[in-house]
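The values are calculated or read from the model by the stated rules, or taken from the named source; none is laboratory data. Nothing here was measured: the structure is a model prediction, and the numbers come from that model. Backbone-built Cβ (ideal geometry, glycine too); neighbour counts: all protein chains shown. For accessibility, only protein heavy atoms count, side chains too; no ligands or nucleic acids. Shrake-Rupley method; radii C 1.70, N 1.55, O 1.52, S 1.80 Å.
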Amino acid sequence: MNKFFSVEDAQNPEALVTEALQLKANPRAFEHLGKNKSICLIFFNPSLRTRLSTQRAGELLGMNVTVFNIGKEGWQLEFADGVVMNGDKAEHIKDAARVIGAYFDIIGIRSFPSLADREKDYTEEVINAFYQYAGVPIVNMESATLHPLQSLADLITIREHQGVIERPKVVLTWAPHPRALPQSVGNSFAQWMNRADVELVITNPEGYDLAPEFAGDAYVTHDQKEAFEGADFIYAKNWSSYEQYGQILSQDSRWTVDAEKMALTNNGKFMHCLPVRRNVIVADEVIDSENSLIIDQAVNRVTAAHIVLKKMLEVQG
Ligand code: SN0
């Protein structure tokens, strides 16, 4: 694997989950694979789980891990070609990526969307430029449109908790939030669930439909209660509007996930990627209940990064 940008790079997502679970059961099995190998985790934006879990995964493989908060501590980067660089941007991505690629064997990138220019955000300019110029494998640690390490961790978590249910009903529900957030987690979750053996339902208010290329074959309804009926897993997440790009169209607290709505499900499990605004996205009574999988998901972030880095190290030899 020389890039991990989306589900497309996983070839067979279900097989990747099986391998990841084997690695989770025996986490030190490949601790020599990354000996004398290095990874640089580059953050344009804040992070807690992605930073620490990817660092832990690198360490489990014996790698040297460097974290670079480029958004705070680096030069501002220019991405356009042929620009006269006499403004605030001190360095071109071509130069920065080639240098970092010369220092490290693998690079991870976190770069949120602008939420101002949809076409630009959806071209994934930042991770694509690193891939073009760095010459080493690139891991998406949440890009403008996708968050594949999160979605892989989510699919691992569903497989661990589905029990005897063969094809679980998985519901992705929009929930309110005070700030405009990326569509990345929602897009990515939908993209992975479309490739997994689950029944996917997405529910959101009007104006919040996800990009069709990611919603795929999901059944989409604007009636949250209808969606929750008989669900095995409820995945809550806010995203800003894709249609009226980056806008907050609703902060309707009737979309908050509470115990009354969870009662409509098939004793459904609750999921969220964190960080979560308690009592805005989800009521404490749900997120603190025994059906809440939030910590399992976070733990599986290590497992997801572990299998992805292992696959990248294996092709490097
Ligand atoms: C990010 C997002 O994409 O929604 C990262 C999630 C893994 N979340 C936020 O930026 C939340 C910020 C906030 O103010 O709650």
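Brief remarks follow.
- Pair list, Cβ < 6 Å and 6+ apart or interchain, from region 291-317 residues that are under 25 Å from residue 35 (Cβ atoms) to residues that are of a type in the set (Asp, Glu): 307/19
- Filter result for residue 129 (over 14 Å from residue 71 (Cα atoms), among the small types (Gly, Ala, Ser) and surrounded by fewer than 19 Cβ atoms within 10 Å (Cβ to Cβ)): no
- Taking every residue in region 10-21 that is within 16 Å of residue 190 (Cα to Cα) and touching a residue at least 40 places away in the same chain (Cβ under 8 Å) and pairing it with any residue that is open to solvent by 10 Å² or more (accessible area, probe 1.4 Å) and assigned to a loop (DSSP other than H, G, I, E, B), at least 6 positions away or on another chain, the pairs with Cβ-Cβ distances below 9 Å are 10/1; 10/195; 13/195; 13/196; 14/195; 14/196; 14/197.
- Number of the exception - residue 74 against (1) away from the ligand (no atom under 16 Å from the Cβ); (2) surrounded by 19 or more Cβ atoms within 10 Å (Cβ to Cβ): (2)
- When every residue of region 168-185 is checked against the conditions, at least one turns out to be away from the ligand (no atom under 16 Å from the Cβ), in contact (Cβ under 8 Å) with a residue 24 or more places away in the chain and not hydrophobic (A, V, I, L, M, F, W, C).
- Residue count, region 43-66 (criterion: away from the ligand (no atom under 16 Å from the Cβ), open to solvent by less than 40 Å² (accessible area, probe 1.4 Å) and not in a helix (DSSP H, G or I)): 4
- Taking first residues from region 43-64 that are closer than 23 Å to residue 33 by Cα and partners that are assigned to a loop (DSSP other than H, G, I, E, B) and within 16 Å of the ligand (Cβ to nearest atom), the Cβ contacts under 6 Å between residues at least 6 apart in sequence or on separate chains come to 50/141.
- Any hit, region 187-195, residues being out of contact with any Pro (no Cβ under 9 Å at 6 or more places or on another chain) and basic (Lys, Arg): no
- Exactly one residue out of 143, 188 is within 11 Å of the ligand (Cβ to nearest atom) and either in a helix (DSSP H, G or I) or open to solvent by 10 Å² or more (accessible area, probe 1.4 Å) (or both): that is 188.
- Extreme residue, nearest to residue 2 (Cα to Cα), among residues of region 279-317 that are in contact with a His (Cβ under 9 Å, 6 or more places away or on another chain) and not in a helix (DSSP H, G or I): 293
- Conditions (1) open to solvent by less than 10 Å² (accessible area, probe 1.4 Å); (2) out of contact with any Phe, Trp or Tyr (no Cβ under 7 Å at 6 or more places or on another chain); (3) within 15 Å of the ligand (Cβ to nearest atom); number of the one not met by residue 227: (3)
- Residue selected from region 254-274 under the condition within 16 Å of the ligand (Cβ to nearest atom) and touching a residue at least 60 places away in the same chain (Cβ under 8 Å), by the criterion farthest from residue 287 (Cα to Cα): 255
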